[in-house]
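Chemist: This structure is in structure tokens; I'll ask about it shortly.
Please treat every number below as a calculation from the coordinates, not as lab data. Since this is a predicted model, take the numbers as computed values, not measurements. Please note: Cβ atoms are built from the backbone with ideal geometry, for glycine as well, and neighbour counts cover all protein chains shown.
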Amino acid sequence: KNIYNHILKSKIENEKLLAILLDPDKIDLKNVTVLIEKINQSPATHIFIGGSLVRNNIIDDLILKIKLNCDLPIVLFPGNPSQISDQADAILFLSLISGRNPDFLIEHQVQAVPILKQTNLEVISTGYILIKSGTQTAVERVSKTKPLDRNNTEYILQTAQAGELLGNKLIYLEAGSGADYPIPKEMIKLVSQNIEIPLIVGGGIVDLQGIQKAYDSGADLVVIGTAFENDINFFN
Ligand code: 1GP
């Protein structure tokens, strides 16, 4: 159980981290070998697995297949408790603190406990903050919550700080998968400079410059989903 400690150590040593997000609904198990080959050639340090809605029940098989050929830590990034798999190494135990839907603030977490207690997953408490970034994304639709207004930077910072004070170990600034635009660099800067815990940034990052920009602004870990999904040679 040392995934969080590694993230913390990387933050202290200013070593930037990169997660590739795999949505089980968008993956054909037959293509996993090629996918893993590409991930192994990429600068990724973590694999995140999850989605807002996962309909196809391949999470266990997917993780087992990844583990055959890849040593990267596998972290669940679940949209709901049905996406928990004992085969992963850790889970981002998310609370959608930007929203005001009790299901995503605490009910899903309560429902997840009996499942989690039967696994060896490292549980990493994460304050998840959705920021309005163009047209509606899946997180907004599925969680039935309003993303925070990207112009209200003070309120966004206060939300992140509230998450930290509540004991979250990570803050995740989310634009939403496939968002029209990523989290602005000024916002990343403001939040990263005013919290002590590591900062994850994701959503709408479509090129390598976007990743670098997020790092330069203070992101400790960047998540790439759609761009890699659309082009497995993204990191070439
Ligand atoms: C979504 O932040 C992740 O939860 C990744 O977003 O698919 O836009 O890269 P993208």
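Chemist: Assigning unit charges at the beta carbon (Lys, Arg +1; Asp, Glu -1) and nothing else, what dipole magnitude in debye, to the nearest 20, does the chain show about its Cα centre?
Modeler: Result for the chain is approximately 220 debye, rounded to the nearest 20.
Chemist: How high is the relative contact order of segment 3-230, given as a whole-number percent (alpha carbon pairs under 8 Å, six or more residues apart)?
Modeler: 18 percent
Chemist: I'd like the GluC sites (Glu not before Pro) in segment 168-236 restricted to DSSP loop residues with at most 15 other Cβ atoms within 10 Å, sorted by number.
Modeler: Those satisfying the criteria are 196.
Chemist: While we're here: Among the lysines, select those whose C-alpha is under 16 Å from the C-alpha of residue 144, and discard any that sit fewer than 8 residues away in the same chain.
Modeler: 132
Chemist: Expressed as cubic angstrom per residue, what is the convex hull volume of the alpha carbon set of the chain?
Modeler: Working: hull volume 26.7 nm³, N = 236.
Considering the Cα atoms of the chain, their hull volume per residue is 113 Å³.
Chemist: Further question on the same structure: Once you've got the GNM for the chain with C-alpha springs shorter than 10 Å, pick whichever of 176, 167, 127 has the biggest mean-square fluctuation.
Modeler: 167
Chemist: Follow-up. Just need the Rg to Rh number for segment 24-95, please, alpha carbons only, Kirkwood Rh. Don't skip to the answer; put the middle values down first.
Modeler: Numbers: Rg = 11.6 Å, Rh = 12.4 Å.
Ratio of gyration radius to Kirkwood radius: 0.93.
Chemist: Can you find, among 87, 225, 17, the residue sitting farthest towards the positive end of the charge dipole of segment 3-230, where Lys and Arg contribute +1 and Asp and Glu -1 at Cβ?
Modeler: Sorting the options by dipole projection puts first 225.
Chemist: Can you list the aspartates and glutamates whose alpha carbon sits under 17 Å from that of residue 16, skipping same-chain ones fewer than 8 residues off?
Modeler: Hits, sequence-local ones excluded: 196, 207, 216, 220.
Chemist: Give me the number: length gained by fully extending residue 120 to residue 37, i.e. 0.36 nm times residue separation minus the C-alpha to C-alpha distance, one decimal in nm.
Modeler: Stretched out fully, the residue 120 to residue 37 stretch lengthens by 27.2 nm.
Chemist: When the Cα centres of segment 118-133 and segment 140-214 are compared, how far apart do they sit, in Å?
Modeler: Taking the Cα centre of each part, segment 118-133 and segment 140-214 sit 13 Å apart.
Chemist: Please turn the phi angles of segment 179-184 into ³J(HN,Hα) values with the Karplus equation 6.51 cos²θ - 1.76 cosθ + 1.60 (θ = phi - 60°), one per residue in order, whole Hz, x for glycine and proline.
Modeler: Here the 3J(HN,Hα) series is 4, 5, 9, x, 4, x Hz.
Chemist: State, to one decimal in nm, how far the label point of residue 161 lies from the label point of residue 71, with both points 7 Å from Cα in the Cβ direction.
Modeler: 4.2 nm
Chemist: For segment 111-181, what is the largest minus smallest coordinate of the Cα atoms on each principal axis, given in angstrom and ordered from greatest to least?
Modeler: On the principal axes, segment 111-181 reaches 41, 26, 18 Å in Cα extent.
Chemist: Can you quote the Å³ per residue value for the convex hull of the Cα atoms in segment 24-155, rounded to an integer?
Modeler: 130 Å³
Chemist: Can you give me the distance in nm between label points at residue 2 and residue 64, each placed 7 Å from the Cα along the Cα-to-Cβ direction?
Modeler: 2.8 nm
Chemist: Suppose R0 equals 41 Å. What FRET efficiency, 1/(1 + (r/R0)^6) with r the Cβ-Cβ distance, do residue 230 and residue 106 give to the nearest 0.05?
Modeler: 0.75
Chemist: From the cross-link list 11/117; 146/213; 9/189; 117/146; 30/169, which pairs have alpha carbons spaced over 24 Å apart? Present the calculation step by step, with values, prior to reporting the outcome.
Modeler: On the way: 11/117 29 Å; 146/213 26 Å; 9/189 20 Å; 117/146 31 Å; 30/169 36 Å.
Exceeds cut-off: 11/117; 146/213; 117/146; 30/169.
Chemist: Under a crude label model (7 Å from the Cα following the beta-carbon direction), how far is residue 10 from residue 57 in nanometres?
Modeler: Each label point lies 7 Å from its Cα, and together they span 3.3 nm.
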